[in-house]
1. Given just the C-alpha atoms of the chain, how large is their convex hull per residue in cubic angstrom?
2. Can you show me the helix-derived [θ] at 222 nm for the chain, built from DSSP H runs with n ≥ 4 at -39,500 (n - 2.57) apiece and divided by the number of residues, rounded to the nearest 500.
3. More than 24 angstrom separation, counting every C-alpha pair in the range 116-263; what % is that?
4. What number does the range 1-87 give for Rg over Rh if you use C-alpha atoms and the Kirkwood radius?
5. Suppose R0 equals 35 Å; then what is the FRET efficiency for residue 263 and residue 15 from their Cβ-Cβ distance, rounded to the nearest 0.05?
6. Just to be sure I understand: if I project the alpha-carbon convex hull of the range 186-225 onto a plane and average over all orientations, what area do I get in nm²?
7. By how many degrees, 0 to 90 and rounded to 10, does the Cα axis of helix 107-120 deviate from the longest principal axis of the chain?
8. In the Gaussian network model of the chain, springs joining C-alpha atoms below 10 Å, which of 155, 195, 227 carries the largest mean-square fluctuation?
């Protein structure tokens with residue numbers, strides 16, 4: 001269990017990235033949702049011991065994450081949003097290098113670990129290829145392989161599916177789901193569907209504040225009978241946005257399709273629809289914007 005309590009972080013430029021963030025994160029996949037600039041990466045970097053918090057606490061199975069940084073790094077696997085590789089080095093050689101840095105100094109054991117990870121992330125057949133020739137999805141799978149070195153108990157992945165095509169995204173998420181059965185995995189993303197598909201628990205964060213935490217299915221249930229949909233004309237869109245809580249607007253055949261949050265039917269022609277996690281996400285963001 002990772003327990004985060006009242007974590008705060010303000011950067012020198014005055015941006016308050018984390019505002020009293022408190023979360024309990026159990027074993028398994030945990031989704032951290034939020035728009036760009038919400039504070040997700042700041043929280044990830046703090047938990048990964050890459051930056052200091054101003055105040056608050058974080059403990060993992062009794063270990064003080066903010067103080068015992070060397071011990072945390074021994075049980076941590078981290079895949080940052082921008083994971084760089086040496087383009088002229090093969091996957092096998094670079095993963096072996098990372099394994100040495102992780103403390104796997106015995107050659108036979110190190111080779112067994114590296115070979116096993118390359119097979120686990122489905123890169124064994126491409127292990128001799130230079131990383132500069134890898135696709136985005138292959139580089140991400142290599143990234144998760146290095147994050148799993150040393151049998152980590154806490155794995156943090158920051159926006160891992162950004163830029164991946166649908167097939168690579170599914171392959172990567174399936175890999176995370178398999179790993180997440182044994183350890184704590186924090187999946188930071190702005191892609192709602194990733195959390196819907198994978199995470200039994202989640203949180204929504206915006207401007208450094210936790211807007212919601214809990215189980216996705218329970219959060220969806222709170223919007224039951226409160227989400228309405230209608231196809232409208234483009235010239236009517238501004239009035240609906242002014243007078244109602246518009247959760248989302250999509251152009252279908254050149255006309256906006258609105259999802260609106262309302263206790264009652266907003267207008268003639270609106271039909272009630274089953275909510276999903278995207279509706280929950282936007283409803284919390286709209287509520288936060290209105291309160292600001």
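Each reported figure results from applying straightforward, stated rules to the coordinates on display, with no laboratory input. Just so we're clear, the structure is a prediction, and the values are computed from it rather than from any experiment. Note: ideal-geometry Cβ built from the backbone for every residue, glycine included; neighbour counts use all protein chains shown.
1. Each residue corresponds to 155 Å³ of Cα convex hull volume.
2. Calculated from helices alone, the mean residue ellipticity at 222 nm is -10000 deg cm²/dmol.
3. 50 percent
4. 0.96
5. 0.45
6. The number I arrive at for the range 186-225 is 3.2 nm².
7. Tilt of helix 107-120: around 30 degrees.
8. Most flexible of the set in this elastic network: 227.
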